[in-house]
1. Using a 1.4 Å probe and ignoring any ligands, DNA or RNA, find the accessible area of Tyr72 and quote it in Å² to the nearest 10.
2. When DSSP assigns beta bridges and you keep just the ones with both residues in the chain, what percent turn out antiparallel, to the nearest 5?
3. Where does helix 18-44 land angle-wise versus the long Cα axis of the chain, in degrees 0 to 90, nearest 10?
4. Name the long-range amide H neighbours of Lys172: under 5 Å, sequence gap of 5 or more, or other chain; modelled H, no Pro or chain starts.
5. Using amide H atoms built 1.01 Å from N in the peptide plane, name the residues 5+ places from Tyr92, or on other chains, whose amide H lies under 5 Å from its own.
6. Could you work out how far the C-alpha centroid of the range 117-177 sits from that of the range 18-62, in angstrom?
7. What percent does the relative contact order of the range 45-136 come to when contacts are Cα pairs within less than 8 Å and at least six residues apart?
8. Working from the pairwise distances between different alpha carbons, so that the mean of 1/r is found and then inverted, what is the chain's Kirkwood radius in Å?
Amino acid sequence: MALTPPSERIWWRQPIAKIELIWIFVAFTWGVLMFFMMIYWHGAGEQNLSNEAYQIKPKVFAEKAQKMIDEYTVREENGFPVVRPPAGSDVYLIARLWQWWPVLELEKDQSYRLHLSSMDWQHGFSLQPVNINVQVHPGYEIVMTVKPDRAGEYGLICNEFCGIGHHNMVGKIHVVE
Ligand code: CUA
């Protein structure tokens, strides 16, 4: 019966089978290797950005974004303001159900401080076709120094499932010469 204690008190002191030792070694070595790969890819990979994170209330973030939009909107595109902030400035991108707001227009070879935050749920910033991915949470802003090096039109999709409109959550960034 399950409630009967084992006859020997120290029942677990058994020699480890060789095959189990091999697997422990393989798993441990792999784990250590992958740990150092995280650090390696941060520098050598092209998808992991060095970002900063700060706490911020969604309302405060929205106000900062709106201020930028009011100041630097240059035209409209499908109902979205296209904002062209000056080089070197702080640029805000709002993630919310279900859009990236606004459309940004950045200059090639200029650097910007890009701030990302969510107004509601978790979203996933995924820049296409370069495949740069950042998780976006409400209550936090992720800040990255970005310097686009190729002109063109970049698509933004949401890669964290955020409900019924998730697949419609697309945005755009223009990089101009
Ligand atoms: Cu936002 Cu999925």
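The values are calculated or read from the model by the stated rules, or taken from the named source; none is laboratory data. Every value quoted in this text rests on a predicted model; they were computed, and no experiment measured them. Ligands, DNA and RNA are stripped out before the accessible areas are found, and what is left, the full protein with its side chains, is counted by its heavy atoms. Shrake-Rupley method; radii C 1.70, N 1.55, O 1.52, S 1.80 Å.
1. My reading of the accessible area for Tyr72 is about 70 Å².
2. Working: 31 of 44 bridges.
Taking every DSSP beta bridge within the chain, about 70 percent pair in antiparallel fashion.
3. The helix 18-44 is inclined about 20 degrees to the chain.
4. Leu104, Leu156
5. Answer set, sorted by chain and number: His115.
6. Their Cα centres are 21 Å away from one another.
7. Details: 130 pairs, mean separation 23.4, N = 92.
Contact order relative to length: 25 percent.
8. Values: mean 1/r = 0.0523 Å⁻¹.
For the chain, inverting the mean 1/r across all distinct Cα pairs yields 19.1 Å.
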